[in-house]
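*Asks:* Just passing along the structure, written as structure tokens.
The values are calculated or read from the model by the stated rules, or taken from the named source; none is laboratory data. The shown structure was predicted, so the numbers you read here are calculated from the model rather than taken from an experiment. Neighbour counts are summed over all protein chains in view; Cβ atoms, including those assigned to glycine, are modelled from backbone coordinates with ideal geometry. For accessibility, only protein heavy atoms count, side chains too; no ligands or nucleic acids. Shrake-Rupley method; radii C 1.70, N 1.55, O 1.52, S 1.80 Å.
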Amino acid sequence: ERRERERKLSKEMAEKATRELEKMQLQEKAEVKYKEWLKKKRAEEAEKKKKEKEKEKEREAELQEKKARSEKIFKEWLHNARNKPRPVLNGCGFSRGKPTGLYFYCIYVVT
């Protein structure tokens, strides 16, 4: 009986030691996988930030180009507007001594 108990005890101790060893191996594998996952995740985040910066630079470049183009067009318009003859207003008033516009009938009626 004594030998059987010792065998059982040694067998249980050996099983317990193997279970703990397996647990430690699983933990190490889990840590390695976690580190790989974390490394991959950080690389993805870095790539995402890089793409966002590139998009922002493109957007800024487009805005500057658009602003420069609009300023150029405005300056051209301003230069051309100075050279254009001003239209004659067809409101109420006198032109060359004669009444013009819609209200010239009222002037004859009143006067």
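*Asks:* On a straight-distance basis, which lysines could pair with residue 33 in a cross-link, Cα separation under 19 angstrom, same-chain partners fewer than 8 positions away excluded?
*Replies:* Partners found: 23, 41.
*Asks:* I would also like to ask the following. Which FRET efficiency, nearest 0.05, do residue 39 and residue 60 yield, Cβ-Cβ r, R0 41 Å?
*Replies:* Values: r = 32 Å, r/R0 = 0.78.
The formula returns an efficiency of 0.80 here.
*Asks:* What is the percent carbon and sulfur in the accessible area of segment 18-70, measuring with a 1.4 Å probe over the protein chains and ignoring ligands? Display every interim value, and only then the final one.
*Replies:* Values: 3030 of 5770 Å².
C and S atoms contribute 53 percent here.
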